[in-house]
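In what follows, a structure is listed as structure tokens, so that the remarks can point back to it.
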Amino acid sequence: MKSHELVEKNVGLLALFMVIAVSIGGLVQIVPLFFQDVTNTPVEGMKPRSALELEGRDIYIREGCVGCHSQMVRPFRAETERYGHYSVAGESVWDHPFLWGSKRTGPDLARVGGRYSDDWHRAHLYNPRNVVPESKMPAYPWLVENKLDGKHTAAKMEALRTVGVPYTDDDIAGAKDAVKGKTEMDALVAFLQGLGTSIKNKR
């Protein structure tokens, strides 16, 4: 019996070799990325998200926006012509979890910051059909009604600081007051307006 037949007919042995092969592949391809400066160094001039933007990011996750919108412009001409500079690793070093996404029912949002006015975003989130008649996006009218109390904002910032996000003591101390009384709509719009603003070359 040939050696490969021995492996193919023995499910346990085949599974063992598969695990070994995948482990080696992961070690060779993934582990080196943790030690490359280009993947661990923030984009020049990048600042951590404000308390309001951080709350907006959590609302973005809660409402499932990442299920329909990616935040990663791929380095293809069709994408850079539409969205601007392709995404770089340094933009995401402080994202926990990252929100690159894997599906685009709606457009990529990696460079949406500053592209539209705050009022446009508010109208679009309240009822997308008011600004884009053919939109399939659901409406989020409750964002206008729900108020933030900032009760957990400082704790979130402290947790992020433990994983490397450079929040200062002043940032954390002022977090509750920075968001208290604001609506969830205010927070989500602030988050969207901050996306992609660290890279200057945008469409």
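The table that follows gives values for the structure above.
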item	result
Tally, over the range 160-203, of residues that are assigned to a strand (DSSP E or B) and in contact with a His (Cβ under 7 Å, 6 or more places away or on another chain)	1
Members of the range 158-203 that are among the polar types (S, T, N, Q) and free of Cβ contacts under 8 Å to residues at least 24 places away in the same chain	Thr162, Thr168
Ala89 vs. criteria touching a Phe, Trp or Tyr at 6+ places or on another chain (Cβ under 8 Å), in contact (Cβ under 8 Å) with a residue 40 or more places away in the chain and aliphatic (A, V, I, L, M)	no
Any hit, the range 76-87, residues being under 17 Å from Lys200 (Cα atoms) and β-branched (Val, Ile, Thr)	yes
Filtered residues of the range 46-78 (kept if touching a residue at least 24 places away in the same chain (Cβ under 8 Å) and more than 27 Å from Lys176 (Cβ to Cβ))	Gly67, Cys68, His69, Ser70, Gln71, Met72, Val73
Search result, residues across the range 113-124 that are over 19 Å from Gly181 (Cβ atoms), crowded, with 16+ Cβ neighbours inside 10 Å and touching a residue at least 60 places away in the same chain (Cβ under 8 Å)	Gly113, Arg115, His121
For Ala110: the one exception among (1) free of Cβ contacts under 8 Å to residues at least 40 places away in the same chain; (2) assigned to a loop (DSSP other than H, G, I, E, B); (3) in contact with a Ser or Thr (Cβ under 8 Å, 6 or more places away or on another chain)	(1)
Members of the range 132-156 that are crowded, with 16+ Cβ neighbours inside 10 Å and either without any contact (Cβ under 8 Å) to a residue 12 or more places away in the chain or more than 15 Å from Ile59 (Cα to Cα) (or both)	Met137, Ala154
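Residues are listed down the side, and each one gets a yes or a no for (1) modelled with pLDDT under 95; (2) touching a Lys or Arg at 6+ places or on another chain (Cβ under 7 Å); (3) farther than 30 Å from Ile172 by Cα:
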| site | (1), (2), (3) |
| --- | --- |
| Val28 | yes, no, yes |
| Phe34 | yes, no, no |
| Gly56 | no, no, no |
| Arg62 | no, no, no |
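The values are calculated or read from the model by the stated rules, or taken from the named source; none is laboratory data. On a predicted model such as this, the values are computed, not experimentally measured, just so you know. Note that each Cβ is placed from the backbone with ideal geometry, even for glycine, and that neighbours are counted across all protein chains shown.
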